[in-house]
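Each value in this text was obtained by applying a stated rule to the coordinates, not by laboratory testing. These figures come from a predicted structure and were not determined experimentally. Note that each Cβ is placed from the backbone with ideal geometry, even for glycine, and that neighbours are counted across all protein chains shown.
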Amino acid sequence: MSKKVLVIVPSIIAARGLESIFSDLGEFQVAGILRDLSQSSLTRLRSIDADAIILDPSVLDYESRHKARARVSEYSDASVIAFQSGLCDEESLKQFDEIIGLYDDPTTVIRKVREAISAENDSPKTEGEELSAREKEILVSVAKGMLNKEIADQYNISIYTVITHRKNITRKTGIKTVAGLTVYALLNNLIDVNSFE
């Protein structure tokens with residue numbers, strides 16, 4: 001089964017080019033194309049179960065670019081790959097799992113996406129390992145629709161700690177989507193169906 005990639009780039013030409021590369025080589029499937037990170041795009045991002053997200057940092061203003069990964073991670077646990085279509089400071093690019101350049105050939109693009117996903121998947125699998133008490137609290141908060149920032153504020157921890165807990169939850173449960181985590185929380189009696197408004 002092919003892995004799913006979500007493309008978030010402002011240029012429809014660049015987006016279609018990436019889609020064509022993935023279509024021609026068949027290893028990856030484009031699950032969606034977004035042109036910005038507006039609230040409606042972020043809502044859509046939450047519903048797409050992608051293995052990797054290719055994000056052009058230019059969709060964010062200059063001040064927000066250094067938080068691009070954290071912003072996307074509030075809505076998805078997928079690997080995040082930068083699509084560098086123009087100038088971007090080196091510090092902003094360090095947050096990404098991989099960087100695709102505008103002039104990378106198709107083979108290089110595929111290799112970089114594959115490496116970003118496999119790096120995420122290479123973290124030690126501990127299927128069946130119990131969630132810690134804090135991970136259960138984070139899971140319940142995610143299932144209730146809270147964003148990473150809201151969870152961080154509630155538990156007085158950093159947003160990066162929340163992201164780490166979410167990655168551990170995904171690794172331990174094998175579930176990437178908010179909907180899947182909600183079902184998991186319900187089935188494991190971590191939340192009551194009546195707690196949803």
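In region 133-195, Cα pairs under 8 Å separated by at least six residues give a relative contact order of 41 percent.
In plain terms, the chain is cut at each of the chymotrypsin sites (Phe, Trp or Tyr not before Pro) found in a DSSP loop with at most 14 other Cβ atoms within 10 Å, and the longest leftover piece is 1-102. In a fully extended conformation the segment linking residue 114 and residue 63 would gain 15.4 nm over its present Cα-Cα distance, using 0.36 nm per residue.
Close amide H partners of residue 4, meaning residues 5 or more places away or on another chain with modelled amide H under 5 Å apart, are 29, 51, 52. In terms of its C-alpha gyration tensor, region 70-110 has an oblate overall shape, because the principal axis ratio a/c (a ≥ b ≥ c, square roots of the eigenvalues) is not below 1.5 and a/b does not outweigh b/c. Between region 147-197 and region 30-74, the C-alpha centres lie 20 angstrom from each other.
Please label the shape of region 3-121 as rounded, prolate or oblate, based on the square roots a ≥ b ≥ c of the eigenvalues of the alpha-carbon gyration tensor (a/c under 1.5 means rounded; beyond that, a/b larger than b/c means prolate, else oblate).
Values: a/c = 1.34, a/b = 1.19, b/c = 1.13.
It is rounded, given that a/c, with a ≥ b ≥ c, falls under 1.5.
Rounded to the nearest Hz, the phi-derived 3J(HN,Hα) couplings of region 160-175 under the Karplus curve 6.51 cos²θ - 1.76 cosθ + 1.60 (θ = phi - 60°) are 5, 5, 4, 4, 4, 4, 5, 5, 5, 4, 4, 4, 6, 9, x, 10, where x marks glycine and proline. Straight-line cross-link reach from residue 4 at under 24 Å between alpha-carbon atoms covers these lysines, not counting any fewer than eight positions away in the same chain: 67, 94, 112, 125, 167, 172, 176.
You can think of it this way: the chain between residue 192 and residue 167 has 6.6 nm of extra reach, that is 0.36 nm per residue less the Cα-Cα gap. With a 10 Å cut-off between alpha carbons and a GNM built on the chain, which of 168, 148, 156 moves the most? In this elastic network of the chain, the residue with the biggest mean-square fluctuation among 168, 148, 156 is 156. For region 133-195, the square roots of the Cα gyration tensor eigenvalues, ordered a ≥ b ≥ c, give a/c of at least 1.5 with a/b no greater than b/c, which places it in the oblate category. Over the chain, with a Gaussian network built from C-alpha contacts below 10 Å, which listed residue (84, 29, 154) shows the highest mean-square fluctuation? Maximum fluctuation in the GNM of the chain, among the listed residues, is at 154. Projected label points at residue 137 and residue 105, each 7 Å from Cα along the beta carbon direction, are separated by 5.2 nanometres.
Between the listed residues 6, 161, 179, the Cα displaced farthest toward the positive end of the dipole of the chain, a dipole computed from Cβ unit charges relative to the Cα centre, is found at 179.
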